[in-house]
Amino acid sequence: MTLLMREQENIEKGIERGIKQGIEQVNDLNMILLEQNRTEDLKRAAWDKEYQLKLMQELL
């Protein structure tokens with residue numbers, strides 16, 4: 001395996017890890033909002049990504 005191939009593989013693994021972490025954060029946020037009966041916030045966070053980030057900073 002060449003150095004370039006290893007670097008590409010490491011980049012792909014890093015991207016996969018980042019995607020998994022992002023999914024976990026969104027799921028954690030969703031669970032918190034559901035536990036707090038904040039369904040309107042959950043609905044808004046699903047389509048308003050800036051609001052979702054704000055809630056993540058506030059709650060996670």
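The values are calculated or read from the model by the stated rules, or taken from the named source; none is laboratory data. The structure presented is a predicted model; accordingly, all values stated were derived computationally and were not measured. Positions of Cβ are generated from backbone atoms using ideal geometry, with glycine treated the same way; all protein chains shown enter the neighbour counts. Quick note on the areas: whole protein, heavy atoms, side chains included, nothing else; ligands and nucleic acids left out. Shrake-Rupley method; radii C 1.70, N 1.55, O 1.52, S 1.80 Å.
Remarks
- Of all residues in region 35-49, those that are at negative phi and in contact (Cβ under 8 Å) with a residue 12 or more places away in the chain have Cβ atoms under 6 Å from Cβ atoms of residues that are hydroxyl-bearing (Ser, Thr, Tyr) and not in a loop (DSSP other than H, G, I, E, B), 6 or more apart or on another chain, in Ala45/Tyr51.
- When region 22-38 is filtered for residues that are surrounded by 11 or more Cβ atoms within 10 Å (Cβ to Cβ) and not in a helix (DSSP H, G or I), the ones remaining, listed by number, are Gln36, Arg38.
- Residue match in region 1-15 (condition: in contact (Cβ under 8 Å) with a residue 12 or more places away in the chain and touching a helix residue (DSSP H, G or I) at 6+ places or on another chain (Cβ under 9 Å)): no
- Meets criteria (part of a helix (DSSP H, G or I), polar (S, T, N, Q) and surrounded by 12 or more Cβ atoms within 10 Å (Cβ to Cβ)) for Asn10: no
- Evaluated against (1) open to solvent by 100 Å² or more (accessible area, probe 1.4 Å); (2) among the polar types (S, T, N, Q); (3) at pLDDT below 95, Thr2 falls short on exactly one condition, (1).
- Applying the condition of being out of contact with any Leu (no Cβ under 9 Å at 6 or more places or on another chain) and either touching a residue at least 40 places away in the same chain (Cβ under 8 Å) or closer than 15 Å to Glu24 by Cα (or both) to region 50-60 and asking which residue is most open to solvent (accessible area, probe 1.4 Å) yields Gln57.
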